[in-house]
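The next block holds one structure in the form of structure tokens; read it before the comments.
Since every read-out is calculated from the coordinates, none of them should be taken as a lab result. If you're wondering where the values come from, they're calculated on a predicted model, not measured in any experiment. Every residue, glycine as well, gets a Cβ built from its backbone with ideal geometry; the counts of neighbours run over all protein chains shown.
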């Protein structure tokens, strides 16, 4: 049985994270889309808070574009990898270890982001509202929160898939299988990893990740209860971010909320 991990990635998954996802997620494209969102709804912010920042793959492109970025994550392993990265010019991101639903920083921000489904790792109502309230407390008046959540009606349970990455003298294979619990609105994803060097097995392990899904009315109520106005929602994919209309079949939704 895979080991349950919530909401942080396990140590061994973190080790291979960038190799697995560098082709799956268009980080530069994400940042370009974020800038379009900022222009449409606020103008250009100067300071950005990134929740569930992982290894900083959104933070470094933002920093290179001149933003002051602070990344928050609870995974020591992911943050250790983020801190090893550098940028040729500009101010590097600052990384802080904290939980998304209870962090307390000594500054406010023009905008906050939470990318690639990190928000969905908050499972309990207390964690979800706690996160939204902490974000609200750390934003300036009329500040923006741009985040991705997964829509319940877009879930396709029972999907099996695999990813194969070759590089750095090794091959990484990730097998995944998911099932959905409609009573809890939870998607359970089982991952199995195999790391090879030729015919030699370097590493093998399993993890179970559990995330929460939402209906759009549910998300609207959560935002209102925590002091936000919902200003936009768009259907997105890991590789493509556009201002596309959300339909019931859309799975990933990029939401834009503003502090009241």
Running a GNM on the chain with Cα contacts under 10 Å, which residue among 87, 96, 48 ends up with the highest mean-square fluctuation?
87
For the chain, set up a Gaussian network in which alpha carbons nearer than 10 Å are linked by springs, and say which option among 201, 69, 31 fluctuates the most.
201
What distance in nm separates the two pseudo spin-label positions at residue 96 and residue 159, each 7 Å out from Cα along the beta-carbon direction?
3.4 nm
For the chain, the longest principal axis of the Cα atoms and the Cα long axis of helix 27-41 enclose an angle in degrees, to the nearest 10, of 10 degrees
In terms of the Cα gyration tensor, with a ≥ b ≥ c the square roots of its eigenvalues, is the range 154-212 rounded because a/c is under 1.5, prolate because a/b exceeds b/c, or oblate?
prolate
For the range 189-244 versus the range 26-60, the gap between their alpha-carbon centres in whole angstrom:
17 Å
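Quick one: work out the % antiparallel among DSSP beta bridges in the chain, nearest 5. If you can, show how the numbers build up before the last one.
Numbers: 47 of 68 bridges.
Of all bridge pairs located within the chain, approximately 70 percent are antiparallel.
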Nearest 10 degrees, 0 to 90: what angle lies between the long axis of helix 125-137 and the longest principal axis of the chain (Cα atoms)?
50 degrees
Expressed in angstrom and rounded, the centroid-to-centroid distance over alpha carbons for the range 95-111 and the range 122-184 is 19 Å
So for the pair residue 183, residue 106, with labels modelled 7 Å out along Cα→Cβ, what separation do we get in nm?
4.8 nm
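Determine the shape class of the range 175-245: with a ≥ b ≥ c the square roots of the Cα gyration tensor eigenvalues, call it rounded for a/c under 1.5, and otherwise prolate if a/b is greater than b/c, oblate otherwise.
Working: a/c = 3.46, a/b = 2.05, b/c = 1.68.
In terms of gyration-tensor shape, prolate.
Rounded, prolate or oblate: which fits the range 1-133, taking a ≥ b ≥ c as square roots of the Cα gyration tensor eigenvalues, rounded meaning a/c under 1.5, else prolate when a/b beats b/c?
The shape class here is oblate.
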On a 0 to 90 degree scale, rounded to 10, what angle separates helix 216-225 from the longest Cα axis of the chain?
50 degrees
At 7 Å along Cα-to-Cβ for each site, give me the label-to-label distance between residue 76 and residue 176 in nm.
2.7 nm
Can you tell which of 199, 224, 134 shows the greatest fluctuation in a Gaussian network model of the chain with Cα springs below 10 Å?
199
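Express in nm, to one decimal, how much length is gained between residue 89 and residue 197 on full extension, taking 0.36 nm for each residue of separation and deducting their alpha carbon distance.
Details: separation 108, 0.36 × 108 = 38.88 nm, distance 3.60 nm.
Taking 0.36 nm per residue and subtracting the Cα distance, the gain is 35.3 nm.
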